[in-house]
Amino acid sequence: GAGVSQSPSNKVTEKGKDVELRCDPISGHTALYWYRQRLGQGLEFLIYFQGNSAPDKSGLPSDRFSAERTGESVSTLTIQRTQQEDSAVYLCASSDGQGPTEAFFGQGTRLTVV
Amino acid sequence: SQQGEEDPQALSIQEGENATMNCSYKTSINNLQWYRQNSGRGLVHLILIRSNEREKHSGRLRVTLDTSKKSSSLLITASRAADTASYFCAPRGYQKVTFGTGTKLQVIP
């Protein structure tokens, strides 16, 4: 596609359920990033992929959070046993990975845990 | 970490006035990028200034970079209501892209 695509746009889930958030980066972009943004806050880095490897997953807040990337393309962020504090917008971005070039963002998934 | 910190946290101006926001960082960089975010959704890249550049223009945007002070500024001239958004800087080396808490700009019509 022409841009970074995230799905779903919105997700409401019950506390304790697992959720999967999907990111389709721009074709050919080797670098992929996940961020979390709570209401009125800045962007919190979660994890960074270069190809299918994650050289930096230091931002994952707990072992309930995991992410994978396959085919140097789509990435899935999984949150297990969701808690109310997981409610946030989850943003994905990709870049061509050829050095510090600009990052292109998707429109995010707004997750609400009730 | 190459995370930048934006200042001020919030800025409110009248339409037509200029808006200036600043970014400070701590490590050496290859370039510094500014982004805008509307309504809590995806960020949009505005402008990139390389470490060997001191000033760059794009339309109503003017960015300066002072690597000796590890700081950058973003000036928006003749502001419009549509410029109301949050603005983030991203100092870039060869590591992950990280962002600060941003400057929330409100332009009052």
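Values computed for the structure shown
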| read-out | value |
| --- | --- |
| Filter pass, A:Ala54 being at the interface with chain B (Cβ under 9 Å from one of its Cβ atoms) and within 14 Å of the chain's Cα centre (by Cα) | no |
| Complete set of residues in the stretch B:66-94 that are within 16 Å of B:Ile47 (Cβ to Cβ) and within 14 Å of chain A (Cβ to nearest Cβ) | B:Ala85, B:Ser86, B:Tyr87, B:Phe88, B:Cys89, B:Ala90, B:Pro91, B:Arg92 |
| Flag for B:Asn38 being in contact (Cβ under 8 Å) with a residue 60 or more places away in the chain and either open to solvent by less than 70 Å² (accessible area, probe 1.4 Å) or within 14 Å of chain A (Cβ to nearest Cβ) (or both) | no |
| Subset of the stretch A:97-114 that is more than 20 Å from A:Ser53 (Cβ to Cβ) and of a type outside the set (A, V, I, L, M, F, W, C) - its residue that is most open to solvent (accessible area, probe 1.4 Å) | A:Gln107 |
| Among (1) farther than 24 Å from B:Glu5 by Cβ; (2) open to solvent by less than 50 Å² (accessible area, probe 1.4 Å); (3) without any contact (Cβ under 8 Å) to a residue 60 or more places away in the chain, the one test that A:Leu21 misses | (3) |
| Hits in the stretch A:1-26 - residues which are part of a strand (DSSP E or B) and within 15 Å of the chain's Cα centre (by Cα) | A:Ser5, A:Gln6, A:Ser7, A:Asn10, A:Lys11, A:Val19, A:Glu20, A:Leu21, A:Arg22, A:Cys23, A:Asp24 |
| Residue satisfying all of: in the stretch A:27-44; assigned to a loop (DSSP other than H, G, I, E, B) and farther than 16 Å from A:Thr70 by Cβ; nearest to the chain's Cα centre (by Cα) among these | A:Leu43 |
| Qualifying positions in the stretch A:84-114 - closer than 24 Å to B:Leu46 by Cα, over 12 Å from the mean Cα position of the chain (by Cα) and not in a strand (DSSP E or B) | A:Asp96, A:Gly97, A:Gln98, A:Gly99, A:Pro100, A:Thr101, A:Glu102, A:Ala103 |
| Filter result for the condition that a residue is loosely packed, with under 13 Cβ neighbours inside 10 Å, in contact with a Leu (Cβ under 9 Å, 6 or more places away or on another chain), of a type outside the set (S, T, N, Q) and within 28 Å of A:Trp34 (Cα to Cα), over B:Ala10, B:Ala82, B:Ala90 | B:Ala10 |
| Residue among A:Leu32, A:Leu91, A:Leu43, A:Leu60 that alone is within 14 Å of chain B (Cβ to nearest Cβ) and open to solvent by 30 Å² or more (accessible area, probe 1.4 Å) | A:Leu60 |
| Lone qualifier among B:Val107, B:Val44, B:Val97 - being within 11 Å of another protein chain (Cβ to nearest Cβ), among the β-branched types (Val, Ile, Thr), open to solvent by less than 10 Å² (accessible area, probe 1.4 Å) and over 11 Å from the mean Cα position of the chain (by Cα) | B:Val97 |
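The values are calculated or read from the model by the stated rules, or taken from the named source; none is laboratory data. All values derive from a computational prediction rather than experimental measurement. Reconstructed Cβ throughout: ideal geometry from the backbone, glycine too, with neighbour counts over all protein chains shown. We work out accessible area using only protein heavy atoms, side chains counted, and drop any ligands, DNA or RNA first. Shrake-Rupley method; radii C 1.70, N 1.55, O 1.52, S 1.80 Å.
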